[in-house]
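A quick write-up on the structure given underneath.
Each reported figure results from applying straightforward, stated rules to the coordinates on display, with no laboratory input. This structure is a prediction, so every number in the text was calculated from the model and none was measured. Positions of Cβ are generated from backbone atoms using ideal geometry, with glycine treated the same way; all protein chains shown enter the neighbour counts.
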Amino acid sequence: MAEDQTPDSTPDEGGFELDRERLRPVQAALEAGDGPALAALLDPLHPADVADILEHLDRRSRVDLVRLYGLAFDGEILSELDESLREDVIAAMAPDALAEAVRDLESDDVVDLIEDLEEPQQEAILDALEAGDRVAVEKSLTYPEETAGRLMQREMVVAPEHWNVGQAIDFMRAHDDLPEQFYHVILVDPRMRPTGYVTLGRIMSHPRATRLSELSEDSFRTIPVLQDEEEVAYDFNHYHLISAPVVDEDDRLVGVITIDDAMAILDEEHEEDILRLAGVGEGSLLDGVFATTMRRVPWLVVNLGTAALAALVIAQFEDTIAALVVLAVLMPIVASMGGNAGTQSLTVAVRGLATRDLTSANAWRVIRREALVGVVNGLVLAVPLGLMTALIFGSFGIGGVIAAALIINLFVAALSGVMIPLLLEKFGVDPALASGVFVTTVTDVVGFFAFLGLAAVVLL
């Protein structure tokens, strides 16, 4: 896009992509204290690209950029900025620049911006808002975190359900305070309860005398103000919604949620699940050493405990290993293969739970399928592994033991990869956060026990 290019560069095929060459002129302008040159570089960029530049600068350069950019600093940049940097950036902004930045933001963007800030910075932003906007934001902040009340925006277009197309068009043309972007005109009864909505396309394509209620979309549904935001994102994705009105406990209209906000939540949930599967929590590349360490250490401690459990199993077969040293060479293969197979089933299960493709209604079918897949994979891999082991070590007994242990462990790995997330969710524990540790423990313990146990019975 042409608007994403700097004055002395051409746009990339895929849009703005930050690299050293793109960052160098910005750093040069900062070192020279040249505000006009900095503005010439940043003004053509999308707010997300400016936020990207801020995230790549060191703290001192970041503060210099904010101060030099001054009143030109767009509030959308704050919305796009990584949460861990917002406090520093806001603290560096002059009061008039902050007021100018947040004044044009939608109420949901302001709520998202300030809900994780310290109270002094929250007050600074609230003080910068006009009275009506401040009341709307403060009302949204009274709702619990991660609910529709925090996600919704107050800016919306509402029309009585008895209006016709002409009245709606005249109303919208007569008001200059409409939301910058909206998809539906929400229809309400005299008690402000939403009864339907009409897309702008249908309004513009029908005669003025057509009643709006005749054009209402079949997809219409309302969102309770206290509904969990993850449930909101699921509804948008499942029912292909573009926007949805939010209602209070009396079914009165209090706001609207649009697809961009719902999909942002869906992306956040998916990202959190990926990070939690790896045991790194909800960290960011911009977090400090201490914060990152404290987030990861607890799960490393848990892994240390599970590794000790696996070592305890091995210790029970000390005599067997001493008699057949080759077992020490081969046993990591069984445990490693089981861990990989368990991770495959676990990933499928956690994703299925997140998207609700895996529920109590189909749980046993999925469990049976994964168990069968585990057995088939075990047979496919066990035959060549057993033959190679027998040829290399000159013992069909050892080959048969490792083949049988592999089949057993892949079967157990597939089962545990599905059943552990299901059990954790049933007990109210986040499957993405805790499943990996338990599945790894099961595959290690079962893998070592099956291999060494079979070896003790068959070979000695």
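Quick notes
- The calculated FRET efficiency for Ala361 paired with Glu145, based on their beta-carbon distance and R0 = 25 Å, is about 0.25.
- For segment 289-458, radius of gyration divided by Kirkwood radius, i.e. Rg to Rh on alpha-carbons: 1.03
- Kyte-Doolittle mean at least -0.5, axial Cα span of 30 Å or more - DSSP H helices of the chain: 289-315, 326-355, 363-393, 396-426, 431-458
- Segment 308-357: C-alpha gyration tensor shape, a/c 1.5 cut-off, then a/b vs b/c: prolate
- Prolate/oblate/rounded call for segment 36-88, Cα gyration tensor, a/c under 1.5 rounded: oblate
- Tensor-based shape of segment 133-212 (alpha-carbon gyration tensor, a/c under 1.5 rounded, otherwise prolate or oblate): prolate
- In terms of other Cβ atoms within 10 Å, Glu21, Glu83 run from fewest to most in the order Glu21, Glu83.
- Quotient of Cα Rg and 2.2 N^0.38 Å for segment 392-460, N being how many residues it contains: 1.40
- Antiparallel DSSP beta bridges within the chain, percent to nearest 5: 70 percent
- Applying both filters, DSSP loop and at most 16 other Cβ atoms within 10 Å, to the chymotrypsin sites (Phe, Trp or Tyr not before Pro) of segment 426-460 gives Phe427.
- Per-residue Cβ neighbour rank within 10 angstrom, fewest leading, Asp248, Asp260: Asp260, Asp248
- For the chain, the alpha-carbon radius of gyration amounts to 1.30 times the rule-of-thumb value 2.2 N^0.38 Å expected for a compact globular protein.
- Put a dot 7 Å past the Cα of Glu138, heading toward its Cβ, do the same for Ile392, and the two dots end up 7.2 nm apart.
- Label-zone membership for segment 203-229, site Ala264, 7 angstrom Cα→C-beta point, backbone N under 14 Å: none
- Look at Asp176, Asp189 and count the other Cβ atoms within 10 Å of each Cβ; fewest to most, that gives Asp176, Asp189.
- Full extension of the chain segment joining Ala40 with Asp170 gains 42.8 nm, where the gain is 0.36 nm per residue of separation less the Cα-Cα distance.
- Here is how the number arises for the chain: DSSP H runs of 4 or more residues each give -39500 (n - 2.57), the sum is divided by the residue count, and the result at 222 nm is -21000 deg cm²/dmol.
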